[in-house]
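Each reported figure results from applying straightforward, stated rules to the coordinates on display, with no laboratory input. What you see is a predicted model, and the numbers here were worked out from it, not measured in a lab. Cβ placement follows ideal geometry from the backbone for every residue including glycine, while neighbour counts extend to all protein chains displayed.
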Amino acid sequence: MSQELWDREAASFDDEPDHGLADPTTRAAWRDLLLEVLPAAPARIADLGCGTGTLTRLLTDEGYAVDGLDLSPQMINRARAKVPQATFVVGDASDPALGPATYDAVLCRHVLWAMHDPAAAVARWVDLLVPGGSVVLVEGSWATGAGLTAVEAERIVQTVRSQVTVLPMPEAVYWGKEIEDERYLLVSRN
């Protein structure tokens, strides 16, 4: 996926219910889901592939310290406007230029599937974590043919982490519509 593509997508990115989280019920569902699997605030979170900063906003509102990174300067501009108290950088999520052993959790939503070498990306993400840190991924295998199945994502994460839990997310409340494809949350704690 190219920077130019995501720059073009930035203006309308939040229009999707699961991207903008404008609906209070959808926002609350994501909030509850993430608070259940992330370390307690004020943990430090790296939001890789942060897009317009919607999850950064949600987590910052809950007391987390969040650093966002995205390939698209246009996405980052929108994220900075949405969450001025967070730190955002333009960068490649496959090799984030963030401090090693700095974060309590790495959060990525719909990012792993787009990596050229997903196993290498996960290894780099794990390097960002403090001892005991968590990797939290939201992924899917979409009706379009894009994405990763839960089994594929689990295998990738297991190349560098032994403990992996996959939670299916078929509920319409997360997506703003009924879905037919596979969507899930993957959590790895060591």
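Using the rule -39500 (n - 2.57) for each DSSP H run of four or more residues, divided by the residues of the chain, the 222 nm mean residue ellipticity is -9000 deg cm²/dmol.
Residue-wise HN-Hα couplings along the stretch 85-96, as the Karplus relation 6.51 cos²θ - 1.76 cosθ + 1.60 with θ = phi - 60° gives them from phi, are 7, 9, 9, 10, 9, 7, x, 8, 5, 6, 8, x Hz; Gly and Pro carry x. Computed from the coordinates I sent, volume of the Cα convex hull per residue in Å³ equals one of (i) 147; (ii) 104; (iii) 117. Tell me the label. Recomputing volume of the Cα convex hull per residue in Å³ here picks out (ii).
What ranking, highest mean first, results for peptides 173-185, 58-70 when packing means the other Cβ atoms within 10 Å averaged over each residue?
Details: 173-185: 15.8, 58-70: 21.2.
Those peptides, ordered most packed to least, come out 58-70, 173-185.
Among 94-100, 130-136, sorting by the average number of other beta carbon atoms lying within 10 angstrom of each residue, highest first, gives 130-136, 94-100.
If packing is taken as the average count of other Cβ atoms within 10 Å, what order do 120-129, 102-111, 30-39, 46-55 fall into, highest mean first? Provide the component values of the computation, followed by the final result.
Numbers: 120-129: 20.7, 102-111: 23.1, 30-39: 16.1, 46-55: 27.2.
Averaged packing, sorted descending, gives the order 46-55, 102-111, 120-129, 30-39.
Using a cutoff of 8 angstrom between alpha carbon atoms and counting only pairs six or more residues apart, the relative contact order for the stretch 3-189 works out to 19 percent. Near the amide H of L129, within less than 5 Å, lie the amide hydrogens of A101, T102, Y103, all on another chain or at least 5 residues away, with H placed in the peptide plane. Taking the centroid of alpha carbons for each part, the stretch 19-50 and the stretch 129-190 are 15 Å apart. 3J(HN,Hα) couplings calculated from phi for the stretch 182-190 with the Karplus curve 6.51 cos²θ - 1.76 cosθ + 1.60 (θ = phi - 60°) are, in sequence order, 9, 9, 7, 10, 10, 10, 10, 10, 10 Hz; Gly and Pro show x. With θ set to phi - 60° and the Karplus curve 6.51 cos²θ - 1.76 cosθ + 1.60, what are the ³J(HN,Hα) couplings of the stretch 135-148 in order, to the nearest whole Hz, using x for Gly and Pro? Once rounded to whole Hz, the list reads 10, 10, 10, 10, 9, x, 10, 8, 4, 6, x, 7, x, 10.
How large is the dipole of the chain about the Cα centre if only Lys and Arg carry +1 and Asp and Glu carry -1, each at its Cβ, rounded to the nearest 20 debye?
Working: 15 positive and 28 negative charges, 106 e Å.
The dipole of the chain has a size of about 500 debye.
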